[in-house]
There are 2 protein chains.
Amino acid sequence: MFRDITTLLQDAQGFAMVINSLAEQYKNQKIDKIAGIEARGFIIGAALAYKLGVGFVPIRKAGKLPADTISQSYELEYGTDQLEIHTDAINAGEQVLLVDDLIATGGTAEAAIALIQQLGGVVMACAFVIDLPDLGGSMRLAAKGLSAFSLCQFDGE
Amino acid sequence: MFRDITTLLQDAQGFAMVINSLAEQYKNQKIDKIAGIEARGFIIGAALAYKLGVGFVPIRKAGKLPADTISQSYELEYGTDQLEIHTDAINAGEQVLLVDDLIATGGTAEAAIALIQQLGGVVMACAFVIDLPDLGGSMRLAAKGLSAFSLCQFDGE
């Protein structure tokens, strides 16, 4: 089963509810930037960054960013993949909220966190629309002391 | 030369200025949905959709959307590529604002417009952060009677 958020996002009220609910969670916290993971994390992360009045940083698949980057590989079910971030995207000490649409095993999120931390950024929390807790990703982040907030959870995947 | 908007978007004031300036252009027009083209169009389009209180529809590269889609191919400098949209993304008669970060030759935008129109949507305008007018894309859209608005233009590319 594939959990897909596109039908939610194309509904004006649904999309606003997603962004407002995430913003409510973080409105009283210091955030310098939101980093979103390609590609659905761009949709959620950019709208949330606008709502919270902070900058948006894209974390992309290998070879997609035009300026100097650093890379981090992560494991897929079969093989590995890479994420990249611009080296000038985050300044040392900046508080970064990591955003993606969904957390499953957490491999992608962990790679993104490693990139932010390599640039000296502080990942203050991770936010998702959907968590599949049985796949263990949110527990992996919690074990590292990172808050993994999600708007909804689906068991038994 | 590659015109890149990531340094603008990672700046809180720069990002807000981009979205607010685009929103100002369309605040008094009837828009049902914003369609954004993968991947940088997701960043601009989703934040603008949130600001304007409308739904967001992703137009993606081939094979990325999980439900039923229609496809449209378009020409690249060397070869062709494809864009896809979910068949349930747009209802007949809906007013759609197409958003991308940059318009050059306009091939990608034309493919996205064709997809929206195949679903019965009305492309009420196209919005970009950057136009490279010498490459002719905005004129191609204008020749079809479509408004192509951009926040900045760079000549001689």
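The values are calculated or read from the model by the stated rules, or taken from the named source; none is laboratory data. None of the values given here were measured: they were computed from a predicted structure. Please note: Cβ atoms are built from the backbone with ideal geometry, for glycine as well, and neighbour counts cover all protein chains shown. When the accessible area is computed, the model is the full protein with side chains, heavy atoms only, and any ligands, DNA or RNA have been set aside. Shrake-Rupley method; radii C 1.70, N 1.55, O 1.52, S 1.80 Å.
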Take the residues in region A:74-95 that are within 12 Å of another protein chain (Cβ to nearest Cβ) and assigned to a loop (DSSP other than H, G, I, E, B); name whichever of them is surrounded by the most Cβ atoms within 10 Å (Cβ to Cβ). A:Ala89
In region B:1-36, what residues are under 16 Å from B:Leu97 (Cα atoms), acidic (Asp, Glu) and facing chain A (nearest Cβ under 10 Å)? B:Asp32
How many of the residues in region B:105-118 are open to solvent by 30 Å² or more (accessible area, probe 1.4 Å) and in contact (Cβ under 8 Å) with a residue 24 or more places away in the chain? 4
Taking region A:136-149 and keeping residues hydroxyl-bearing (Ser, Thr, Tyr) and surrounded by fewer than 20 Cβ atoms within 10 Å (Cβ to Cβ) leaves A:Ser147
B:Val99 within 22 Å of B:Lys33 (Cβ to Cβ), crowded, with 23+ Cβ neighbours inside 10 Å and of a type outside the set (S, T, N, Q): yes
Of all residues in region A:37-64 being more than 7 Å from chain B (Cβ to nearest Cβ) and in a loop (DSSP other than H, G, I, E, B), which is most open to solvent (accessible area, probe 1.4 Å)? A:Lys64
Being touching a helix residue (DSSP H, G or I) at 6+ places or on another chain (Cβ under 7 Å) and modelled with pLDDT of 95 or more is true for just one of B:Asp68, B:Asp100. Which residue is that? B:Asp100
Scan region A:61-80 and tell me whether some residue there is among the hydrophobic types (A, V, I, L, M, F, W, C) and closer than 18 Å to A:Leu22 by Cα. no
Inspect all residues belonging to region A:48-60 and state whether any of them is within 14 Å of the chain's Cα centre (by Cα), modelled with pLDDT of 95 or more and under 20 Å from A:Leu151 (Cα atoms). yes
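A quick yes/no check of all residues on (1) hydroxyl-bearing (Ser, Thr, Tyr); (2) under 25 Å from B:Ala46 (Cα atoms):
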{"position": "A:Asp68", "(1), (2)": "no, no"}
{"position": "A:Thr108", "(1), (2)": "yes, yes"}
{"position": "A:Ala112", "(1), (2)": "no, yes"}
{"position": "A:Gly120", "(1), (2)": "no, no"}
{"position": "A:Val129", "(1), (2)": "no, yes"}
What are the pairs with Cβ atoms under 6 angstrom where one residue, in region A:75-87, is of a type in the set (Ser, Thr, Tyr) and the other, located anywhere, is not in a strand (DSSP E or B)? Sequence gap at least six, or different chains. A:Thr87/A:Asp68
Of the conditions (1) loosely packed, with under 14 Cβ neighbours inside 10 Å; (2) on the phi < 0 side of the Ramachandran plot, B:Ile34 fails just one. Which one is it? (1)
Whichever residue in region A:119-135 is open to solvent by less than 20 Å² (accessible area, probe 1.4 Å) and in a loop (DSSP other than H, G, I, E, B) and, among such residues, is farthest from A:Ile70 (Cα to Cα): A:Leu132
Considering every residue within region A:66-73, establish whether at least one is more than 8 Å from every other protein chain (Cβ to nearest Cβ), charged (D, E, K, R) and assigned to a loop (DSSP other than H, G, I, E, B). yes
